[in-house]
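Remarks on the structure that follows.
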Amino acid sequence: MSTNSRENRQLSLAVGPVGGAVAWLLGYALIFLLAAPEIEDSPIQQIIEVIQGDPATYELVGWTFYNAHFVDTIFEGIPVFGDVARNFIGGDGFSELLYLVPIGLLLTAGVAVGRARGAEELSEGMVAGVTVMPGYLALSIAGVFLFRIGMEGVRGSPDLLPAIILAGIVYPIVFAGLGGVLAALTVGES
């Protein structure tokens, strides 16, 4: 195998995980743009700021980003109530349209990776799209720890196991895989 074709193959293999990481980061950034103004004025932000002395906007946006994947925020150590799970989307929280952010970005990433890898068959497209998962999974795991808040014996963070399974594995496999299939279906239309 020539050096040039080996480099092309390595580049082709890296496209998926990089696409997953980019989709995750863009998803967080988009949720930040949509939710941060409301979070900055929220009662929970004011409580955290009084106790910690610093605002926790990026962490609270992170909780909302995970909520957009149906991953609850877990509050541990709350006196009287114990552990409490909460999703800030829907009801009195943010618009349910935020659920579409990770879906749309993962579909787009799947299409982009499928096209970059030259997928022509549906199975090739699915496999190409699924390669987005490692990058998305790595950031989904890291984000749980990055968005953890601890104060006065109470801790809040995205629920680790659903963050791994739902946000890190199921979402990219389903939606980026579907995007890869769409890339294969539309290969002659570009």
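The simple spin-label model puts a point 7 Å past each Cα toward its Cβ; for residue 99 and residue 46 those points are separated by 3.0 nm. Summarising the overall dimensions of the chain from its C-alpha atoms, the Rg and Dmax are 18.9, 67 angstrom. Its relative contact order, with pairs defined as Cα atoms under 8 Å and 6+ residues apart, puts the chain at 29 percent.
Relative to the Cα centre, the charge distribution of the chain, modelled as +1 at Lys and Arg Cβ and -1 at Asp and Glu Cβ, gives a dipole magnitude of about 740 debye.
Count Lys and Arg as plus one, Asp and Glu as minus one, and take only other residues whose Cβ is under 15 Å from that of residue 69; the net charge is then -2. Overall, the range 50-123 carries a charge dipole of about 260 debye about its Cα centre when +1 sits on the Cβ of Lys and Arg and -1 on the Cβ of Asp and Glu, all other atoms neutral.
Taking every C-alpha pair closer than 8 Å and separated by at least 6 residues, the mean separation divided by the residue count of the range 70-152 gives a relative contact order of 15 percent. Name the most mobile residue of 164, 44, 103, meaning the one with the largest mean-square fluctuation, in a Gaussian network model of the chain with Cα contacts below 10 Å. So, out of 164, 44, 103, the one fluctuating most is 44. Scalar couplings 3J(HN,Hα) for the range 32-46, obtained by applying the Karplus form with A = 6.51, B = -1.76, C = 1.60 to θ = phi - 60°, are 4, 4, 7, 9, 4, x, 6, 5, 4, 9, 7, x, 5, 5, 5 Hz; x denotes Gly and Pro. For the range 60-156, GluC sites (Glu not before Pro) are listed when DSSP marks them as loop and at most 14 other Cβ atoms sit within 10 Å of their Cβ; the list is 120, 121, 152. If you sort the three axes of the alpha carbon gyration tensor as a ≥ b ≥ c, you get a/c of 1.5 or more for the range 14-61 and a/b above b/c, which makes it prolate. Sorting 135-142, 107-114, 58-65, 28-35 by average packing, meaning the other beta carbons within 10 Å per residue, from highest down gives 107-114, 58-65, 135-142, 28-35. Pairwise Cα separations in the range 130-173 fall into 5 Å bins from 0 onward with the following percentages, short to long: 6, 25, 27, 18, 12, 7, 4, 2, 0. Rolling a 1.4 angstrom probe over the protein heavy atoms with all chains in place gives the chain an accessible area of 52 Å² per residue. Taking a ≥ b ≥ c as the square roots of the Cα gyration tensor eigenvalues, the range 96-190 comes out prolate, since a/c reaches at least 1.5 and a/b is larger than b/c.
The values are calculated or read from the model by the stated rules, or taken from the named source; none is laboratory data. All figures in this text were calculated on a predicted structure; none of them were measured in a lab. Here Cβ is always computed from backbone atoms with ideal geometry, including for glycine, and neighbour counts include all displayed protein chains. Heavy atoms of the whole protein, side chains included, go into the accessibility calculation; ligands, DNA and RNA do not. Shrake-Rupley method; radii C 1.70, N 1.55, O 1.52, S 1.80 Å.
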